[in-house]
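Presented below is the structure to which this report refers.
The values are calculated or read from the model by the stated rules, or taken from the named source; none is laboratory data. Just so you know, these numbers come straight off a predicted model, no measurement behind them. Cβ coordinates were reconstructed from backbone atoms using ideal geometry, including for glycine residues, and neighbour counts include every protein chain displayed.
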Amino acid sequence: MAVPRSPGSSLDMPVTLRPGAEAKMRLGVVALCLFLQALALLTPQACGQETDGAAADEVKTEVLYVPEQCQQKSKKGDLLNAHYDGYLASDKSKFYCSRRQNDGHPKWFVLGVGQVIKGLDIAMMNMCPGEKRRVIIPPSLAYGHQGYEPAKIPPNATLIFEIELYAVTKGPRSVEAFSQIDLDSDKKLSRDEINDYLKKEFERDGKKRDPSVHENILVDIFKKNDHDGDGFISAKEYNVYQHDEL
Ligand SMILES: [Ca+2]
Ligand SMILES: [Ca+2]
């Protein structure tokens with residue numbers, strides 16, 4: 001689920017999860033499951049992405065495409081689904097491509113809580129589903145002095161990302177969200193229940209999607225969250241990160 005990660009983590013790229021970061025997230029519905037999925041792909045990290053006093057550094061955003069209809073713009077705490085390619089500004093070489101990871105599924109992550117490098121948290125605010133942006137992120141909002149060796153990002157590297165946002169959904173899981181998905185109230189989420197929920201969420205934004213997208217998400221959700229493999233996501237499995245939210 002990740003995005004360019006920060007120094008210290010060993011998974012794929014940009015997304016970095018800060019313990020407790022989710023604490024501030026709003027209650028949400030189905031996004032919860034997706035959220036869990038995202039979490040499962042992330043690694044807690046020590047955050048090597050502090051700004052180093054370069055307060056003047058800003059993210060430069062170029063909007064490449066905006067859909068005519070935009071019902072919901074991304075904001076802090078939303079769960080986003082996006083693809084992005086990352087390049088070094090110095091030589092334009094590509095250091096990251098979400099399409100080559102996780103079987104090509106777009107990444108899910110919560111916006112504005114440090115799951116991705118700071119520059120991406122900034123760059124993806126107020127974005128419409130379907131929108132495309134090209135953003136330039138200074139090192140102070142990316143990997144700073146240290147760089148990020150596993151991704152071959154040198155120290156003090158300015159990064160360029162090309163982002164395509166697919167979906168904006170409400171943030172994280174909650175008891176309410178769980179109950180809403182759990183139609184038969186048996187305290188566990190079946191594949192059908194989650195399927196129904198996803199369907200409704202996707203219908204709400206009115207976008208046409210290939211059915212395989214939906215199916216892939218469903219498979220991912222179970223892969224990441226059904227830890228005991230019984231075909232249901234229990235309340236415990238659903239709230240597996242709850243202790244972080246204290
Ligand atoms: Ca149920
Ligand atoms: Ca289970």
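Would you be able to say whether some residue in the range 157-179 is touching a helix residue (DSSP H, G or I) at 6+ places or on another chain (Cβ under 6 Å), of a type in the set (Gly, Ala, Ser) and within 16 Å of ligand 1 (Cβ to nearest atom)?
Among the residues of the range 157-179, at least one is touching a helix residue (DSSP H, G or I) at 6+ places or on another chain (Cβ under 6 Å), of a type in the set (Gly, Ala, Ser) and within 16 Å of ligand 1 (Cβ to nearest atom), which makes the answer yes.
Got a sec? Which of ILE233, ILE217 is within 16 Å of ligand 1 (Cβ to nearest atom), over 24 Å from GLU68 (Cβ atoms) and of a type in the set (A, V, I, L, M, F, W, C)?
Numbers: ILE217 fails: within 16 Å of ligand 1 (Cβ to nearest atom).
Residue meeting the stated conditions: ILE233.
Would you be able to tell me the number of residues in the range 82-96 that are more than 16 Å from ARG133 (Cβ to Cβ) and buried (at least 16 other Cβ atoms within 10 Å of the Cβ)?
So the count comes out to 2.
Given ALA56, ALA21, ALA31, which one is modelled with pLDDT under 50 and under 21 Å from PRO139 (Cα atoms)?
The match here is ALA56.
Which residues, taken from the range 221-232, are hydrophobic (A, V, I, L, M, F, W, C) and within 6 Å of ligand 2 (Cβ to nearest atom)? Break it down stepwise before answering.
So in the range 221-232, the residues hydrophobic (A, V, I, L, M, F, W, C) come out as 221-222, 232.
Hit for the range 221-232 is PHE232, nothing else.
Of all the residues that make up the range 134-155, how many are small (Gly, Ala, Ser) and either crowded, with 21+ Cβ neighbours inside 10 Å or farther than 18 Å from GLN115 by Cα (or both)?
So in the range 134-155, the residues small (Gly, Ala, Ser) come out as 140, 142, 144, 147, 151.
Going one step further and asking which of them are either crowded, with 21+ Cβ neighbours inside 10 Å or farther than 18 Å from GLN115 by Cα (or both), we end up with 140, 142, 144.
Count: 3.
Cβ-Cβ under 6 Å, sequence separation 6+ or interchain: first residue in the range 174-203 and without any contact (Cβ under 8 Å) to a residue 60 or more places away in the chain, partner within 16 Å of ligand 2 (Cβ to nearest atom) and charged (D, E, K, R). Which pairs?
Close Cβ pairs (under 6 Å, with a partner that is within 16 Å of ligand 2 (Cβ to nearest atom) and charged (D, E, K, R)) amount to LEU183/GLU193.
Just to verify a result, which residue in the range 204-246, among those that are hydroxyl-bearing (Ser, Thr, Tyr) and either closer than 25 Å to HIS83 by Cβ or modelled with pLDDT under 80 (or both), is surrounded by the most Cβ atoms within 10 Å (Cβ to Cβ)?
TYR238
Looking at the range 182-220 only, could you name the residues that are more than 15 Å from ligand 2 (Cβ to nearest atom) and not in a helix (DSSP H, G or I)?
Passing the criteria: LEU183, ASP184, SER185, GLY206, LYS207, LYS208, ARG209, ASP210.
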